[in-house]
Amino acid sequence: MFYRENGQLKTSYQADQQIFPIAQDRWFILAMLLLAFVVAPLLATDYWFSAILIPFVIMAMAAIGVNILVGYCGQISLGSGAFMAVGAYGAYNFFARVPDMPLIPALILGGLCATVFGVLFGLPSLRVRGLYLAVATLAAQFFADWMFLRIKWFTLDTPSGSVSVSNLQVFGLPIESDVSKYLFCLTLLCLVALLAKNLVRGAIGREWMAIRDMDVAAAVIGIRPMYAKLSAFAVSSFIIGVAGALWAFIYMGSWEPSAFSVNESFRLLFMVIIGGLGSIMGGFLGAAFIILLPIFLNQALPFIAGMVGIEISTTVVSHTELMIFGGLIVWFLIVEPHGLAKLWSIGKQKMRVWPFPY
Amino acid sequence: MKKPVLLLSALLSAVMLSSVSPVLAQSKEQFIPVLSYRTGPYAPNGTPWANGFVDYLKLMNLKGGINNVKITYEECETGYDTARSVECYERLKSKKPSFVQTLSTGATFAITEKAPGDKIPVLTVGYGRSESADGAVFKWNFPIAGTYWVAADTIMQAIAKKEGGWDKLKGKKVALVYHDSPFGKEPIPLIQERARIHGFELQLLPVTPPGVEQKATWLQVRQAKPDYVVLWGWGVMNSTAIKEAQATGYAREKMYGVWWAGAEQDVKDVADGAKGYNAVTIQHGAEPNADIVKTLLAQIHAKGQGTGPKEEVGQVLYLRGVMSAMIGVEGIRSAQERFGKGKVMTGEQVRWGLENLNLTQPKLDALGFKGVMRPISTSCMDHMGAAWTRIHTWDGKNWVFTSDWMQADEQILKPLVKATADKYAAEKKLTRRTGQDCQS
């Protein structure tokens with residue numbers, strides 16, 4: 001009853017093919033964009049920006065990238081941390097070595113470095129599938145770990161191996177304050193989300209989904225697996241690379257090779273699994289969940305324990321986080337493999353037919 | 001059936017909403033964030049440090065706080081991970097911290113970039129960037145009581161003394177087994193400088209973090225047969241290194257560890273096997289008879305308020321945590337002397353306090369550190385304040401001091417600090433602070 005599309009008739013192909021054909025959806029997205037671009041900068045505190053919003057925006061972008069590879073194309077990848085690292089260090093090298101390099105081209109070039117790296121380590125996907133591909137991408141992760149630790153050229157030969165960037169600015173506007181960082185990342189996220197959504201709606205997205213569902217049948221009907229899989233790796237690595245560069249430049253400011261360890265890869269995979277494989281919204285929901293859960297547990301567990309009189313140490317909170325993540329992954333994979341996004345769309349469907357059950 | 005669900009969801013949403021709103025600091029409370037790690041491969045060493053730190057803060061509160069300003073603190077688990085440390089820093093930033101200590105050199109690098117903008121001093125007692133001793137460039141960093149170049153230099157001095165003089169080192173081989181991270185790479189410039197001057201060979205042997213796999217490294221040590229091995233590890237890397245040294249038969253007497261590789265946790269697994277292993281200490285060692293240890297046992301642990309086990313009190317890392325907390329608290333007290341006794345200090349004011357810290361021997365004795373620490377006096381140009389170290393050796397049961405008080409050689413240290421700090425300043429486009437700026 002709330003979501004009925006009665007009377008919303010389309011009179012042009014353009015109207016029919018838009019991303020949000022239902023008017024209520026368009027209003028909702030407009031409200032979200034207003035909330036994100038206008039309301040949040042006005043109302044959010046520094047804490048909100050630095051601990052929640054900025055990491056969420058950057059991780060959502062990375063999750064969209066991982067979702068394209070894992071959710072839409074079905075290629076399990078445990079090397080997302082490596083792609084972030086390559087994007088970050090690539091962007092850093094362009095930014096630091098080329099005098100007066102502007103920020104956005106540096107980020108894009110970092111993304112392109114990640115694309116090359118991703119396509120290279122995506123080559124095994126042409127021969128292996130599933131778990132074995134996961135192991136091959138894990139090799140990418142450890143290779144990147146080694147590369148940035150031992151090849152000093154990438155870290156500009158600093159003795160400590162730690163690099164940093166400062167004085168970022170876009171078209172003369174400095175990106176120093178939390179608000180400017182947030183808006184910059186948010187703009188890039190919106191562009192990337194639009195790009196990703198249109199890609200997955202189009203021919204190439206359908207190719208990816210065909211490969212995911214049954215790659216032999218896809219090959220039979222004329223989809224070239226090599227192009228489909230490698231293009232998925234390329235697009236996904238580009239997005240993850242740009243997200244990695246943003247994570248390093250904007251959120252961390254100064255980082256070392258261990259910042260993009262295998263834990264980041266797992267975190268991204270969890271985001272995509274919990275958020276929903278094969279949906280753009282899943283990236284957003286998963287990122288929000290993974291970012292918010294530790295903060296929530298940090299506050300809630302001592303509070304709940306205090307109510308029954310037990311004192312909780314940080315160790316317990318840290319371990320509980322891991323246990324809850326593990327439990328949730330298993331629960332989602334069994335009960336709802338399509339994750340939170342599917343729960344959301346079920347909710348929407350219920351709202352459409354309410355008060356009827358179906 | 002519906003009501004409990006509604007009630008539960010209401011409770012959860014209330015907790016969630018409150019979890020993301022910053023807690024307002026009440027008046028007359030000085031907040032100190034404690035970035036610690038009690039999980040992960042560095043937990044065995046990080047936990048006693050955190051226990052010592054928190055116990056000292058509890059002791060301060062028992063005595064009424066800093067001139068009646070109570071200390072509040074909150075621990076945040078970082079797992080020695082830089083990104084998590086940054087997250088903790090950002091999360092706790094809103095509570096107006098007096099200073100932040102990271103207990104991780106990697107995190108120090110990251111937070112050094114953020115702290116000046118947030119106006120929070122970074123206190124790094126015995127770790128962090130060695131060049132941050134130069135206060136003219138690093139206004140907000142305080143590596144008080146010693147940096148890694150001090151440690152490396154005094155280790156080399158001890159080795160030279162053992163050999164019978166610097167000239168006897170010519171042609172000898174020294175291997176540095178280090179944790180492949182910013183922490184482990186810190187001493188390399190200084191030891192390379194010493195190698196250049198005195199003509200000994202330095203072999204660099206990096207160990208991939210966390211350092212549980214060292215068989216290949218120690219095989220290389222066995223092949224190369226260096227005259228001395230300098231161990232620059234942390235966490236499980238230390239005990240693994242000593243076990244591997246025992247397995248490959250490398251004499252533990254020829255091993256010298258940094259002050260983060262010379263604690264009970266590193267040797268107690270091997271006990272007798274680590275006999276003869278030396279480590280440099282940052283002023284204090286294992287001091288079970290110190291006044292402060294007795295006070296903490298009597299006033300905190302006897303009342304069941306101890307953060308960790310009683311046996312830890314007086315051990316090396318526990319004391320280091322106590323020392324770090326003491327220096328931070330004295331920095332706040334010193335700020336109060338100038339900006340108002342009994343008032344809550346802001347980060348900027350605490351920065352001034354840490355920059356004008358004057359811990360004389362009588363003051364240290366009164367605080368309970370008699371015979372444990374030597375005077376520390378910081379200034380605008382010198383954020384280190386003191387560079388006293390000693391060597392202690394494990395005799396199978398205890399750490400015993402086997403050297404006199406040593407100091408790092410200023411002739412080598414000062415130019416290196418200045419050159420590296422200048423490089424940083426050029427990179428970040430900072431100008432050196434001058435005399436006028438020092439008064440703020």
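The values are calculated or read from the model by the stated rules, or taken from the named source; none is laboratory data. Values in this document were obtained by computation on a predicted structure and should not be read as measured data. We place every Cβ from the backbone using ideal geometry, glycine too, and count neighbours over all the protein chains shown.
Annotations for the structure displayed:
- Single residue of A:G205, A:G118, A:G172 found to be within 20 Å of the chain's Cα centre (by Cα), under 30 Å from A:D100 (Cβ atoms) and of a type in the set (G, A, S): A:G118
- Per-region count, the range B:67-93, residues part of a loop (DSSP other than H, G, I, E, B) and not hydroxyl-bearing (S, T, Y): 4
- Of all residues in the range A:136-175, those satisfying the criterion of being farther than 16 Å from A:A91 by Cα and among the hydrophobic types (A, V, I, L, M, F, W, C) are A:A136, A:L138, A:A139, A:A140, A:F142, A:F143, A:W146, A:L149, A:I151, A:F171, A:L173, A:I175.
- Failed criterion for B:G342 (all others in (1) over 19 Å from the mean Cα position of the chain (by Cα); (2) at negative phi; (3) not in a helix (DSSP H, G or I) hold): (2)
- Residues satisfying the stated conditions in the range B:69-103, i.e. among the hydrophobic types (A, V, I, L, M, F, W, C), in contact with a Pro (Cβ under 8 Å, 6 or more places away or on another chain) and facing chain A (nearest Cβ under 7 Å): B:C76
- Scanning the range B:392-440 for residues that are within 14 Å of chain A (Cβ to nearest Cβ) and outside any helix (DSSP H, G or I) yields a total of 2.
- Take the conditions (1) closer than 18 Å to A:G282 by Cβ; (2) within 14 Å of chain B (Cβ to nearest Cβ); A:A40 misses just one of them, which is (1).
- Pairs linking a residue in the range A:74-99 that is of a type in the set (S, T, Y) to a residue that is outside any helix (DSSP H, G or I), with Cβ atoms under 6 Å and 6 or more positions apart or on different chains, are A:Y92/A:V163.
Each row is one residue, and each column tells you yes or no for (1) out of contact with any Cys (no Cβ under 7 Å at 6 or more places or on another chain); (2) more than 8 Å from chain B (Cβ to nearest Cβ); (3) of a type in the set (K, R); (4) closer than 24 Å to A:L195 by Cα.
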site	(1), (2), (3), (4)
A:S254	yes, no, no, no
A:R267	yes, yes, yes, yes
A:V272	yes, yes, no, yes
A:G275	yes, yes, no, yes
A:G286	yes, yes, no, yes
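- Residue check, B:E113 within 19 Å of B:V350 (Cβ to Cβ), touching a strand residue (DSSP E or B) at 6+ places or on another chain (Cβ under 8 Å) and either polar (S, T, N, Q) or outside any loop (DSSP other than H, G, I, E, B) (or both): no
- Criterion applied to A:P55, A:P21, A:P99 was being loosely packed, with under 14 Cβ neighbours inside 10 Å and within 14 Å of another protein chain (Cβ to nearest Cβ), and the one residue passing it is A:P99.
- Some residue of the range B:335-347 being in contact with an Asp or Glu (Cβ under 8 Å, 6 or more places away or on another chain), more than 14 Å from every other protein chain (Cβ to nearest Cβ) and farther than 26 Å from B:P116 by Cα: no
- First in the range A:311-338 and over 23 Å from B:G308 (Cβ atoms) and within 14 Å of chain B (Cβ to nearest Cβ), second anywhere and buried (at least 17 other Cβ atoms within 10 Å of the Cβ) and at pLDDT below 85, Cβ under 8 Å, 6 or more apart: A:I324/A:L297
- Residue count for the range A:311-337, restricted to those that are part of a helix (DSSP H, G or I) and under 21 Å from B:A43 (Cα atoms): 10
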